[in-house]
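Below: the structure, in structure tokens.
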Amino acid sequence: MYPYIPNTKEDEQRMLEVIGVNSIDDLFSDIPEDVKLKRDLNLNPSMSELEAAKYMKKLAESNTPIDDLTCFLGAGAYDHYIPSIVGHITSRSEFYTSYTPYQAEISQGTLQYIFEYQTLICNLTGMDVSNASLYDGGTAIAEAAFMASNITRRNKVVISKTVNPEYRKVLKTYAHLQQIEVVEIDDKEGVTDLDQLKNHVDNKTAAVIVQSPNFFGIIEDLETIGEIAHSQKRTMFVTSVDPISLGILKTPGSLGADIVVGEGQSMGMPLAFGGPYLGFMATKKAHMRKLPGRIVGETVDVDGNRAFVLTLQAREQHIRREKATSNICSNQGVNTLAATVYLVTLGKEGLREVATQATQKAHYAFEQITKSGKYKPLFDKPFFKEFVVTSSVDADEINKKLLEEKILGGYSLGREYPQYKNGILYAVTEKRTKEEIDTLSSVLEGII
Amino acid sequence: MKVLKDLYYTEDHEWLKVEGDEAYIGLADYAQDQLGDIVYVELPEIDDEYEKEEAFSAVESVKAAADVYMPVDGKILEVNEELLDDPGLLNQDPYENWIVKIEIADKSQLDDLMTSEEYEKFLDEEV
């Protein structure tokens, strides 16, 4: 008997008799003998609970937790402060399995927080309708491309190379399978090359996709890019945004965006390799029937009380599979809840405070690091909480030395942008103190 | 099921009313009856061009969603925007309430469609 299978040998025998076979192996008689594995799997012998716990702890210790380091790494995932209430609410047993429920309307609590999440995302982005979330920032961009392609009946999307390189890889993977052509636009001094963009936007273009603040931390001229996108009838203007930046920047909605997406990890989710993270997506009312994923709506029940339902489900793949914009029929439940609690806890003022502090501290760090002249700014453009500096020394070399001082250094730009070899992208959140920033800059000065 | 004379019909239950080189397209009575209460009609954009049998519109009812297909190649000239505010018009009078008006690209394609007599027979036999 196995520890997690409660059936005894006798149970097993009775079940086999009822089915009318002699052994469990008989159940697999349809599988040809020559493709069957004829030996035991190469697995370690089983461990006791105590042994297994010790072993897992040892494995876990080969990681360095973020709290043991001072983090200046960002590039899409950020070390923002998570108020303790977020963990308290998301770990309540009522929300443990906060998946979008199959008997949706039975779970009014889950639907209510998703509805509140959607409202928050709409307020933040300046859009009319939000879905119940997607997997992460990368898949959100890919879904936006599908959606734009579906609305416009065109199969070419134009994306700036200042969009997170990983998101672009996800987009290309998705697009390849849908026969959507992905055209990438170079950067010019750290922002999207507008002339090149103009040349590639034509009446076959379903979407123009940009990110702001972009991968280098720089604020893109969304208004102008939107005008370029809309110079073609119906071309969708898609923006990927850092939700924290919307504490101080204009909403993409007010700058002409048709679809707004982004990575929501900054809103109350811990840094974790592989996630789970949170993709958000919002659009204008005119396109709501092409919005992928689930949408929760508010209504009244038979007694006239406020109630919540899954709405507009004809868009979804379980009703109109071959015509659905997307095959997504799930959402990131727990992460959606974390984002909701995070935003509600901070409020308007709190979010503005986080955004303002991150901006000011990033600018202080930029001044401290560049003042000696050993590290030079790579670009001269307005930035939010991230910036790029370059030097004569290899980025990996610098990061190795920083790590010796328990500092998690920036992102080595040369990994994805060979033209910016030695460039390092530093991220500074509201969590960093003046002392930590001063330490970083003095250690950096000592390296060269 | 009501079948109007002098219209062309498709096997997907669209009707086509020809006026010179132009035509109105709508849903046949049978289609609206099968769908039930229609709650949304998605309309194409003016000047969009579609090929025969390509979906140019979608209708959603309380129980299903279905595409509406072009009976012939053509360009959208007008869309019936009243349907956006009141999709139920398609239930009330499916022949009065057209969905789009098109410019027919190739009138010889009309020969492939059913006449009202043929459509009635089709309804009797096939459906």
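Near A:Asp136: Cβ cut-off under 12 Å, other residues only, Lys/Arg at +1 and Asp/Glu at -1. The net charge is -3. Between A:Cys71, A:Tyr55, A:Asn42, the Cα set farthest toward the positive side of the dipole of the range A:1-85 (charges on each charged residue's Cβ, about the Cα centre) is that of A:Cys71. Cβ crowding within 10 Å, taken as a proxy for footprinting-reagent exposure, orders A:Ile82, B:Ile99 from fewest neighbours to most as A:Ile82, B:Ile99. Couplings 3J(HN,Hα) of the range A:391-408, computed from phi: 8, 7, 9, 4, 4, 5, 4, 4, 5, 5, 5, 5, 5, 4, 9, 6, 10, 8 Hz, in residue order, whole Hz [Karplus 6.51 cos²θ - 1.76 cosθ + 1.60, θ = phi - 60°; x for Gly and Pro]. Pairwise Cα distances in chain B exceed 20 Å in 38 percent of cases.
In a simple Cβ point-charge model (Lys, Arg +1; Asp, Glu -1; nothing else charged), the range A:124-212 has a dipole of about 320 debye relative to its Cα centre.
What whole number of Å gives the distance from the Cα centroid of the range A:343-415 to the Cα centroid of the range A:56-88? So the separation of the two Cα centres works out to 18 Å. In a Debye calculation with equal point scatterers on the alpha-carbon sites of the protein assembly as shown and no solvent, what is log10 I(q)/I(0) at q = 0.07, 0.10, 0.12 Å⁻¹? Values returned for q = 0.07, 0.10, 0.12 Å⁻¹ are -0.57, -0.98, -1.18. In terms of surrounding Cβ atoms within a 10 Å radius of their Cβ, B:Tyr9, A:Tyr417, A:Tyr81 rank from fewest to most as A:Tyr81, A:Tyr417, B:Tyr9. Each Lys and Arg Cβ is given +1 and each Asp and Glu Cβ -1; about its Cα centre, chain A then shows a dipole of about 1200 debye. Remark: the A:Ser46-A:Asp380 segment gains 114.4 nm on full extension, using 0.36 nm per residue and subtracting the alpha carbon distance. Measuring between their Cα centroids, the range B:37-104 and the range A:12-49 lie 56 Å from each other. Using a Gaussian network model of chain A in which every pair of alpha carbons under 10 angstrom is joined by a spring, one finds that among A:Met288, A:Met47, A:Met236 the greatest mean-square fluctuation is at A:Met47.
Cβ crowding within 10 Å ranks A:Met147, A:Met15 as A:Met15, A:Met147, fewest other Cβ atoms first. Projecting the Cα positions of A:Ser149, A:Val191, A:Ser107 onto the charge dipole of the range A:84-341 (unit charges on Cβ atoms of Lys, Arg, Asp and Glu, taken about the Cα centre) puts A:Ser149 furthest along the positive direction. With viscosity 1.306 mPa s and temperature 10 °C, the Kirkwood radius over alpha carbon pairs of the range A:250-317 converts through Stokes-Einstein to a diffusion coefficient of 108 µm²/s.
Computed over neighbours whose Cβ is under 10 Å from that of A:Asn155, the net charge equals +3, Lys and Arg +1, Asp and Glu -1. Using only side-chain charges placed at the Cβ, +1 for Lys and Arg and -1 for Asp and Glu, the dipole size of the range A:365-448 relative to its Cα centre rounds to 140 debye. Working from Cα pairs under 8 Å separated by at least six residues, relative contact order for the range A:325-402 is 21 percent.
In this structure, the amide hydrogen of A:Lys188, modeled 1.01 Å from its nitrogen in the peptide plane, lies closer than 5 angstrom to those of A:Asp193, counting only residues at least 5 positions away or on a different chain.
Please figure out what share of the DSSP beta bridges in the protein assembly as shown is antiparallel and state it in percent, rounded to the nearest 5. Roughly 75 percent of the beta bridges in the protein assembly as shown run antiparallel, per DSSP.
Counting only DSSP beta bridges with both residues in the range A:84-341, the antiparallel share comes to about 45 percent.
Where a number appears in this text, it was derived from the coordinates with a stated rule and is not lab data. Fair warning: this is a prediction, and the values are worked out from it, not measured in the lab. Here the Cβ is made from the backbone with ideal geometry for all residues, glycine too, and neighbour counts use every protein chain on show.
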